[in-house]
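The structure under discussion appears below in the form of structure tokens.
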Amino acid sequence: MIAPIPSGIIFVAPTTWSTTIMPQYLQTCIEPYLDSFAESFAAENYTAGTVKTYQSILRKVGHAMDVEGVSPSALTLDFAEHLGRKVPRKKTGTIWPYRLARQFVQHLLDIGVTQPVPLTEAQQARATLLADFETYLVKHRGLSPRTIYHTLRFANRFLDHRFGDTTVDPGRLRPADVISFIEHVLAGARRDKTIATHVRIFLQYLFGSGATATNLALSVPKAAKRWGARLPRHLSLEGVEAVLACGRDNPRHGARDYAMLLIMAHQWHFGMKAHIGADTAHGLVHTLEVTTGKVSDYSMAETLLHGDEQTAHGDRGYADKTAGTNQLASWYA
């Protein structure tokens, strides 16, 4: 509100503003476990403000648990997600309450408050498949932990889309299933820009391990990357000069950036090629022929030989011509 005074105007915050937590959220059933949950985030260098925000959101989840009559010991991952989706989320916020609720349940599992739900036969088969796939990503592909996480997530979503809660049978997968899943994801999530890559890796693994008879990775459609259209493919002379000026005037990395931009801005022509014959024992050059770039290597092979060689070493282009000559005992490419 605004309070007028003789000398001017003073802006005063409304008395109804408050940052206190509602009383019903302070007496929830999860209150005894919030401190230990906050310590797990503090150990990963989360700021105090972020941890406090997480606790505030979880108290709302705890209030929903009290309404549903669910104790922390009976909380499961799926039901926690169900409750977390009921908690209102800020439109501009980056925190998803249902994801935070799943993390909290995992914390309860780690400290022994609740026990994991026994997996069904179908769930056990899927977990085994994804565990073997993760081992493949680590040992054979050498991907980063972040990439592995997203690849496994898309593989699990693909299996959900095709098989649901039934037993996973990779042999029943068809190209139409792959196309349908990618269309489904792209239609509802604009941020999934690498879905084709992740799905292709999973399908390549299934084919390589013998789970599928055909390589379904070849049926993955190319997802349009419209954000690439914003990058210009060519620059005018004025644009090149503007880029060079930006690098030249940079006080921090000006010299380095300007040199690199200067190299890329010029048009280079590589039209000459040197054909060199040297002695492998002493390293002495005995023949040097310079030709234009369009002259093939094999046409110059005999020119580089002096006639007394027993073996020759060179590129495969030279081997195509000299491998059949009678003057060589052997050729090494």
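The values are calculated or read from the model by the stated rules, or taken from the named source; none is laboratory data. All of these numbers come straight from a predicted model, not from anything done at the bench. In this analysis, Cβ positions are derived from the backbone assuming ideal geometry, glycine residues included, and neighbour counts consider all displayed protein chains.
Out of T197, T128, T151, T147, which single residue is over 23 Å from K222 (Cβ atoms) and either touching a Gly at 6+ places or on another chain (Cβ under 6 Å) or β-branched (V, I, T) (or both)?
Result of the check over T197, T128, T151, T147: T128.
Residues checked against (1) of a type in the set (V, I, T); (2) closer than 17 Å to S209 by Cα:
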| site | (1), (2) |
| --- | --- |
| R141 | no, yes |
| P145 | no, no |
| G164 | no, no |
| T167 | yes, no |
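Among the residues in the stretch 222-233, are any at pLDDT below 80, out of contact with any Leu (no Cβ under 7 Å at 6 or more places or on another chain) and more than 30 Å from L143 (Cα to Cα)?
There is at least one residue in the stretch 222-233 that is at pLDDT below 80, out of contact with any Leu (no Cβ under 7 Å at 6 or more places or on another chain) and more than 30 Å from L143 (Cα to Cα).
Could you tell me whether L237 is out of contact with any strand residue (DSSP E or B) (no Cβ under 7 Å at 6 or more places or on another chain), within 30 Å of R200 (Cβ to Cβ) and at pLDDT 70 or above?
Here the answer is no, as L237 does not meet what is asked.
Which condition number does L130 fail, the rest of (1) loosely packed, with under 13 Cβ neighbours inside 10 Å; (2) part of a helix (DSSP H, G or I) being met?
Of the numbered conditions (1) loosely packed, with under 13 Cβ neighbours inside 10 Å; (2) part of a helix (DSSP H, G or I), the odd one out for L130 is (1).
Can you go through V87, V138 and tell me which one is surrounded by 18 or more Cβ atoms within 10 Å (Cβ to Cβ), out of contact with any Gly (no Cβ under 8 Å at 6 or more places or on another chain) and without any contact (Cβ under 8 Å) to a residue 40 or more places away in the chain?
That would be V87, the only listed residue that is surrounded by 18 or more Cβ atoms within 10 Å (Cβ to Cβ), out of contact with any Gly (no Cβ under 8 Å at 6 or more places or on another chain) and without any contact (Cβ under 8 Å) to a residue 40 or more places away in the chain.
Got at least one residue in the stretch 248-262 being more than 30 Å from D160 (Cβ to Cβ), assigned to a helix (DSSP H, G or I), at pLDDT 70 or above and not hydroxyl-bearing (S, T, Y)?
For the stretch 248-262, residues more than 30 Å from D160 (Cβ to Cβ), assigned to a helix (DSSP H, G or I), at pLDDT 70 or above and not hydroxyl-bearing (S, T, Y): present.
Can you find, within the stretch 164-186, the residue that is surrounded by the most Cβ atoms within 10 Å (Cβ to Cβ) among those that are free of Cβ contacts under 8 Å to residues at least 40 places away in the same chain and under 12 Å from R126 (Cα atoms)?
Going through the qualifying residues, I end up with D169.
What do you reckon, is L119 out of contact with any Asp or Glu (no Cβ under 8 Å at 6 or more places or on another chain), on the phi < 0 side of the Ramachandran plot and surrounded by 16 or more Cβ atoms within 10 Å (Cβ to Cβ)?
no
Which members of the stretch 85-118 meet the condition of being closer than 19 Å to S73 by Cβ and not in a helix (DSSP H, G or I)?
Those that are closer than 19 Å to S73 by Cβ and not in a helix (DSSP H, G or I): I111, G112, V113, T114, Q115, P116, V117, P118.
Give the residues of the stretch 63-84 that are part of a helix (DSSP H, G or I) and more than 21 Å from P116 (Cβ to Cβ), sorted by residue number.
Just the residues of the stretch 63-84 that are part of a helix (DSSP H, G or I), to begin with: 63-68, 72-74, 77-84.
Within the stretch 63-84, H63, A64, D66, V67 meet the criteria.
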